[in-house]
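The block underneath contains the structure these notes are about, expressed in structure tokens.
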Amino acid sequence: MSDSPSDKPASRPHYLQTVAVQPELDIASGFASFSPATHRGSTVVFRNLAELRAQGDGTTTYWRYGLHATPTSEALCQHLALIEGARHTLLLPSGLAAISLVYFALLKSGDDVLVPHNVYGPNRDHGEWLARDYGVSVRYYDPMDVAGMAAMIRPETRLIWMESPGSVTMEVADTDAIVAAAQARGVLTAIDNTWSGGVYFRPFDKGIDISVQALTKYQSGGSDVLMGAVMTRDDALHDRLRRTRMLMGWGVSADDCHLVLRGLPSLPVRLAAHDRGAREVAEWLHQRPEVARVLHPALPDCPGHANWRRDFTGATGLFAIILRARYSRRQVDAFVEALQLFAIGWSWGGAHSLAVPYHVQGMRPAGTWPPAGWQDTGELVRLYIGLEDTRDLIADLRQAMEAKLGAA
């Protein structure tokens, strides 16, 4: 039964239903905490029509619609930009969505993009989709052969992707030389900087135009959030990316932004712990007779180790090992499945260690395998070192090797 005008108390000017929708609250001011407020909202309300009509004209803030920005997402954008040395950040629903934004904002039919052959697989898949269905030329270069890459640049080349270290095989490219070659021809550069967490490599100090991060990884740190970011220093480039994101209707939830914001204060500390643990495990593996090579950027066996020493201030928890050629793929799979503390799964960046076997030859685009200088014929296993005690992780690796790979 609804209330009637006669039911209204004298002190209450509205009916109950209206009060339920529009309560007049009196919350004391002066509350402060370390956690930014989580603003959930699709509709943004304005004090008057002039304020509404001013949105988007460049003279005011851009609180226009919750999809585009809220104070919570803006806090995350600014925090990420400060960490990585950017001016602008755009948030996307995943790391792959961030990669997609760069493609859609910068390329059209007839344009050309150069992609390293060791790039993150979904990035390669996205580029090939654009080539197949949208008339964009996608060509692959060896990231360790900058002269060869520079010779590939055409008048229609609009973008050069970098990923350093490379996905799975961990090559550390000479980004200085790649950027110099691109700038000499007026070509934009973008890098997937997820491995460094935006902490151990500063892309904008190197002249790179765009940095892409999968915030799903280290920034979240909990293996429970999907989000990506595209960062820039150039205002015009940011505006081009921002407009494309708006037209595509990409957005992120305030609750997910809160979870990533909660992880950022501990990001440098967690990365340092991953770095220490991964180096300890990698150095132990380097001595194992079952292992042919350890592909960890901080170890001399890794391609581009000198570039890592020059450009990076640390390493993180992800690296790979190549097992001796005498072990079959079936034996390597059995080794991975015998691990007890390493879960089997993609992604990384959380507290839990992971292991995944890869058949690298099947991952590369036709005609790009083997890359110049690649000598290995053994199977590869990518390892992610979480925050467990390294003594336990090493013991787990030892028991799985002895049980499934046998004595050397």
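Since every read-out is calculated from the coordinates, none of them should be taken as a lab result. Since the structure is predicted, the reported quantities are computational estimates derived from the model, not experimental observations. Reconstructed Cβ throughout: ideal geometry from the backbone, glycine too, with neighbour counts over all protein chains shown.
Rounded to the nearest 0.05, what FRET efficiency do Val19 and Glu388 have when you use their Cβ-Cβ distance and R0 = 35 Å?
0.05
Rounded to the nearest 5, what is the percent of antiparallel bridges among the DSSP beta bridges in the chain?
60
For the range 267-404, just say rounded, prolate or oblate: build the C-alpha gyration tensor, square-root its eigenvalues into a ≥ b ≥ c, call rounded for a/c under 1.5, and beyond that prolate if a/b exceeds b/c, oblate if not.
oblate
Sort the following peptides by mean Cβ neighbour count (other Cβ atoms within 10 Å, averaged over residues), highest first: 269-279, 242-252.
Top of the packing list down: 269-279, 242-252.
So which GluC sites (Glu not before Pro) in the range 303-408 end up in coil per DSSP with only 15 or fewer other C-beta atoms within 10 Å?
Sites meeting the loop and neighbour criteria: Glu388.
Which one of Tyr120, Tyr134, Tyr15 has the biggest mean-square fluctuation once the chain is modelled by GNM with Cα springs under 10 Å?
Residue with maximal mean-square fluctuation among Tyr120, Tyr134, Tyr15: Tyr15.
So what is the relative contact order of the chain, in percent, for Cα pairs below 8 Å that sit 6 or more residues apart?
15
Take each uninterrupted DSSP H stretch in the chain, measure its Cα extent along the helix axis, and return the ones at 27 Å or beyond whose mean Kyte-Doolittle hydropathy is at least -0.5.
Going by DSSP H runs, the hits are 267-286.
How high is the relative contact order of the range 267-404, given as a whole-number percent (alpha carbon pairs under 8 Å, six or more residues apart)?
30
For P(r) over Cα pairs in 20 Å bins from 0, in percent, several values are listed as (1) 25, 50, 19, 6, 0; (2) 25, 52, 22, 1; (3) 27, 63, 10, 0; flag the one computed from this structure.
Looking at P(r) over Cα pairs in 20 Å bins from 0, in percent for this model, the match is (1).
Between the range 298-313 and the range 104-125, how far is it from one alpha carbon centroid to the other, in angstrom?
26
Looking at the range 267-404, send over the antiparallel percent of its DSSP beta bridges, to the nearest 5.
Expressed as a percentage, antiparallel bridges in the range 267-404 total about 95.
Rounded, prolate or oblate: which fits the range 103-161 when a ≥ b ≥ c are the square roots of the eigenvalues of the alpha-carbon gyration tensor, with rounded for a/c under 1.5 and prolate only if a/b beats b/c?
Oblate, since a/c reaches 1.5 and b/c is not below a/b.
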